Every structure is written in structure tokens, then in C-alpha cells.
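What follows is a set of notes on a single structure, which appears directly below.
The values are calculated or read from the model by the stated rules, or taken from the named source; none is laboratory data. As the structure is a computational prediction, the values presented were derived from the model and not from experiment. All Cβ positions, glycine included, derive from the backbone under ideal geometry; neighbour counts span all protein chains shown.
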Amino acid sequence: MTDQGQNLQQQMQQQATQSAQNFYGESIGSLKSQVQEYRSQLEQYSQQLPEGDAQAQIQEMVDSYIELENSIDQAAQDQGVEDAMNQAAQQTQQQIQQTAQGAAQQAQDTAGQAVGQAQDAVGGATQQAQDTAGQVTDQVGQAAQGVQDTAGQAAGQAQQAAGQATDQAGQVAGQAQQAAGQAAQQGQQAAGQAAQQAGGDQQGGQQQQQPNATQAAEQKAQELGVDLSQVQGSGAQGRITVRDVISAANQ
């Protein structure tokens, strides 16, 4: 094989390797961003719960996600694709934020359309009533003999217009009440599920008191050779988390 052929083959191999590394970095970067998003949601949910077993279980899940993030970072470092991973993670995070903003904007637009439709319905009913009243006035001025009949007809038309306006307003109000009821029911179901989970956790077996650490933290302490009795916990009721064990190991 000539030198030119060898150089071409080397260039192709380098390009293939670089492409594979870029793909790998982008893949684990997207995965890391999703893991961070899930961990953030769990942390927010944990802050809303009262201190107890339910909160401790959520903290264990958070610790598991922290370990997964550390594993992803180590894999990227081993393969030398930290930059590609961080860039992909940032892009994925931006996409998540844009999606959330789009959903919020869509909800606002829907609410605005509902309000606009209600205002149009009320305005139309008002205009119709005004037109009817004008017709009644003209008929009274033109025919004095038919004042009573004309007034009766005008009254009937006004009542019909008012009934239509009331029906339209009732439909709009019913839709709003139905939406509010659905939202309240969903909130009650979510609160009930959280209460059931908290109640189930409180009715569970007694929690191990020594050491006061999560299962993930105990496993991490065994891996790193950390004495849990020397670690100050930062979790609920002084519970030791994986983050506390890693911090103690680095000191």
C-alpha cells in the first residue's frame, strides 16, 4: 500500500473515531440533563413533604440520581468527551425549558380565547337587546293603535334575547366551573396519593436508628471506607446522605 493510501486510511479512521466520540458525548450529555431534571423535581417534591419516612425515601431516590450523575461524569472523563457531554446537556436543558414555556403560553392563550368568547357573547346579547328596544320605540311612534300588541311583542323578543344571553353566560360559567372542578379533583387526588403514601410510610416497620443514614449512603460509606459515626448528616432529622459521605471522604 502506498503512503498516500495509508494516510487516507488513517484519516478515515480518525474521522470515524471522532464521530463516534461526538455521538457518545452527545448521548450521555442528553442523559445527564434528563437525570438532573428528574433529580431537581424530586428535590422540590421532597421539600413539600413533612419530615418523616416519606421524605427520607425521596432523599434516597435523590441520592441514587446523584450517583448516576457521578457515573456519567466519570464515563465522559474516561472517554475524553467532557466538552461534548456538557454542550449536549446544556442544549437538552434549553429544550426542556422551551417546552415548558410553550406549554405555559398555550395555557394562557386558551384562557384568553375563553375570556374573549365570553365577552363577545355578552356584547352580542347587549346589542341585540338594544336593537330590539329601538324597534319597539319605532313601532310605538308609528302606530298608536297597536301600542299594546307591539309592546307585548317587544317584551317577548327582549325576554328571548335575555334568555339567550343567560344561556350563553350559563354555558360559559358551566365550562369554567367544570374546568375548576377538574383541577380541584386532580389536586385532591394528588394530595390523597401523597397522604396515602405518607400514611403507608408512617405505618411501616421501625426504621433503623444506628447509623442514621440512607441505604445508598451506607453502601457508599462501605465503598469509600468512611466511618458513618464520624459523618454529620444534612438530611431530614440529621440523616446522612450520599452527598454527606462523599464530602467526608474528600476531606
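Here is how the numbers come out for the structure above:
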| quantity | calculated |
| --- | --- |
| Selected residue (only one of S40, S46 is within 21 Å of S247 (Cα to Cα), out of contact with any Ser or Thr (no Cβ under 6 Å at 6 or more places or on another chain) and part of a helix (DSSP H, G or I)) | S40 |
| Test: residue in segment 49-61 that is of a type in the set (S, T, N, Q), under 22 Å from T92 (Cα atoms), within 24 Å of the chain's Cα centre (by Cα) and outside the structural domain of A221 (by TED's automatic domain parsing) | no |
| Enumeration of residues in segment 221-239 that are in contact with a Ser or Thr (Cβ under 9 Å, 6 or more places away or on another chain) and either modelled with pLDDT of 95 or more or among the charged types (D, E, K, R) (or both) | R239 |
| Every pair of residues 6+ apart whose Cβ atoms lie under 8 Å, when the first sits in segment 2-19 and is of a type outside the set (D, E) while the second is part of a helix (DSSP H, G or I) | none |
